[in-house]
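**Student:** This is the structure, below, for whatever I ask next.
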Amino acid sequence: MGVAEIAEMLGVSKQVVANWRGRKGGFPAPTATLKAGPVWTREAITAWAVSQGIAVRQEEEVTSIEAEVRRPASVAALMNMKGGVGKSTLTANIGWHASYNRGMRVLLVDLDPQFNLSQYILGVEGYERLVSDDDDTIETLFRHEPGEGPADIRDLIREVHGWNDGSCLHLVPASLDLAWSMRLALERAHVLRDALDEVRDGYDLIIIDCAPTESILSTATYFAADWILVPVKPEFLSAIGLPLLLKSITEFENTHRTEMTPQIAGIVFNDVSDRVEHDRSRRFVRDTATRHAIPVFRNEINHSDSYPAGARQGKPIFLTDNARSTRKEELERVGDEFLGSIGL
């Protein structure tokens, strides 16, 4: 098999396969290199794809990826009504994984006035430049004079990274001003959904990093999102954010009966350690999930100092210096499980 046949079998472009060869460890070495280029056995590629959690098309299902029509982006939100669960860190790393490892066009939306996601993606110095240049952020969507339309979201998107296969990682940043604008936005909860609808065709995945409180921003997220991923740190005070989130979603559903309510893709345990308290909190979360028929991810994220190190560098854990391979691999497993849960 050549690169084109591998791309068809795995449902990606040839450029994605080329990137995987350079970026993903363990990609099989070619069986031979012919004048037309390197070739592999189907068995070797299949075994590698299965180990990476990448779906392999059966021969009768294989069609040219170039002939397929791209569908609009799936919109997912990471939410928990309790702060300190690593939501922004997980958003950043999943976004990096989907774009860098899976060749997707990804837009991250920072909907938290604490702007942690923006700092992670841009790096501390990059975010300081954004502030010093007084660049517009997402809060301008919710702040406009009567009779005027909201800002064009295209003017707010920062093209952070792009690769030659068309995959990219873009960001709509946030700032502290969002905390003020949300007070003025009681009748504008729909503007985020409307703005994202304008750019959905340009992406495969849009991820919203949400504020950890019930507010107009929560309602805006429910209008805009197709899916919700719930990160939970298995500590009691973090775990109790889950019932509050479920109550918030139910309230939205009851209040806005004609609107689609986002589905919960699953609960993922984040920043896990071996403390006894974590085991008790896991049981609490699993019992709650069972009662509400919510899936709990098989994979989870353990505590690692490499995440804050990566945040300072503006890098995901799998590109962070001195990060342990086991921590890199578990992030990729969680990322793949998440993408699979929303059909990507």
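**Student:** Looking only at the stretch 269-286, count how many residues are assigned to a helix (DSSP H, G or I) and either open to solvent by less than 90 Å² (accessible area, probe 1.4 Å) or not charged (D, E, K, R) (or both).
**Tutor:** Qualifying residue count, the stretch 269-286: 8.
**Student:** Something else: Taking the condition part of a helix (DSSP H, G or I), in contact with a strand residue (DSSP E or B) (Cβ under 6 Å, 6 or more places away or on another chain), hydroxyl-bearing (Ser, Thr, Tyr) and open to solvent by less than 40 Å² (accessible area, probe 1.4 Å), does THR91 pass?
**Tutor:** yes
**Student:** Please determine whether any residue of the stretch 158-166 is of a type in the set (D, E, K, R) and touching a residue at least 12 places away in the same chain (Cβ under 8 Å).
**Tutor:** Residues of the stretch 158-166 that are of a type in the set (D, E, K, R), as a first pass: 158-159, 165.
After this cut, where a residue has to be touching a residue at least 12 places away in the same chain (Cβ under 8 Å) as well, the list is 158, 165.
The answer is yes; a qualifying residue exists.
**Student:** Continuing with this model, one more query. Among the residues of the stretch 139-170, which ones are modelled with pLDDT of 90 or more and not in a strand (DSSP E or B)?
**Tutor:** Filtering the stretch 139-170 down to residues modelled with pLDDT of 90 or more leaves 153-162, 167-170.
Answer for the stretch 139-170, where residues must be modelled with pLDDT of 90 or more and not in a strand (DSSP E or B): ILE153, ARG154, ASP155, LEU156, ILE157, SER167.
**Student:** Scan the stretch 234-246 and give yes if some residue there is more than 22 Å from LEU141 (Cα to Cα), open to solvent by 70 Å² or more (accessible area, probe 1.4 Å), more than 20 Å from the chain's Cα centre (by Cα) and without any contact (Cβ under 8 Å) to a residue 60 or more places away in the chain, otherwise no.
**Tutor:** There is at least one residue in the stretch 234-246 that is more than 22 Å from LEU141 (Cα to Cα), open to solvent by 70 Å² or more (accessible area, probe 1.4 Å), more than 20 Å from the chain's Cα centre (by Cα) and without any contact (Cβ under 8 Å) to a residue 60 or more places away in the chain.
**Student:** Enumerate the pairs (first residue in the stretch 259-286 and over 23 Å from TYR307 (Cα atoms) and of a type in the set (Phe, Trp, Tyr); second residue anywhere and crowded, with 16+ Cβ neighbours inside 10 Å and modelled with pLDDT under 85) with beta-carbon separation below 9 Å, excluding pairs fewer than 6 apart on the same chain, so at least 6 apart or on different chains.
**Tutor:** PHE284/PRO234; PHE284/ALA239; PHE284/ILE240
**Student:** Cβ-Cβ distance below 9 Å, separation of 6 or more or different chains: which pairs start in the stretch 63-89 with a residue that is more than 19 Å from VAL106 (Cβ to Cβ) and at pLDDT below 80 and end on one that is assigned to a loop (DSSP other than H, G, I, E, B) and open to solvent by 40 Å² or more (accessible area, probe 1.4 Å)?
**Tutor:** THR63/ARG57
**Student:** Which of the residues that make up the stretch 4-31 are open to solvent by 40 Å² or more (accessible area, probe 1.4 Å), over 21 Å from LEU331 (Cα atoms) and at pLDDT 80 or above?
**Tutor:** GLU5, GLU8, ALA29, PRO30, THR31
**Student:** Now for a different question. May I ask you to list pairs of residues, at least six apart or on different chains, whose Cβ atoms are under 7 Å apart, with the first in the stretch 110-135 being under 28 Å from GLU214 (Cβ atoms) and among the polar types (S, T, N, Q) and the second being modelled with pLDDT of 90 or more and part of a helix (DSSP H, G or I)?
**Tutor:** The qualifying pairs are ASN116/SER88; SER118/TYR127; GLN119/TYR127.
**Student:** Let me ask something else. Looking only at the stretch 293-306, how many residues end up being touching an Asp or Glu at 6+ places or on another chain (Cβ under 8 Å) and not β-branched (Val, Ile, Thr)?
**Tutor:** So the count comes out to 6.
**Student:** Within the stretch 288-303, identify whether any single residue is under 23 Å from HIS170 (Cβ atoms) and either at pLDDT 90 or above or charged (D, E, K, R) (or both), and answer yes or no.
**Tutor:** No, every residue in the stretch 288-303 fails to be under 23 Å from HIS170 (Cβ atoms) and either at pLDDT 90 or above or charged (D, E, K, R) (or both).
**Student:** Could you say whether any residue in the stretch 302-309 is closer than 20 Å to GLY83 by Cβ, under 21 Å from the mean Cα position of the chain (by Cα) and assigned to a helix (DSSP H, G or I)?
**Tutor:** yes
**Student:** Looking only at the stretch 94-129, count every residue that is polar (S, T, N, Q) and open to solvent by 10 Å² or more (accessible area, probe 1.4 Å) and tell me the total.
**Tutor:** Final tally of qualifying residues: 3.
The values are calculated or read from the model by the stated rules, or taken from the named source; none is laboratory data. Quick caveat: nothing in here was measured; it's all calculated off a predicted structure. Virtual Cβ from ideal backbone geometry, glycine too; neighbours counted across all protein chains shown. These area figures cover heavy atoms from the full protein model, side chains too; ligands, DNA and RNA do not enter into them. Shrake-Rupley method; radii C 1.70, N 1.55, O 1.52, S 1.80 Å.
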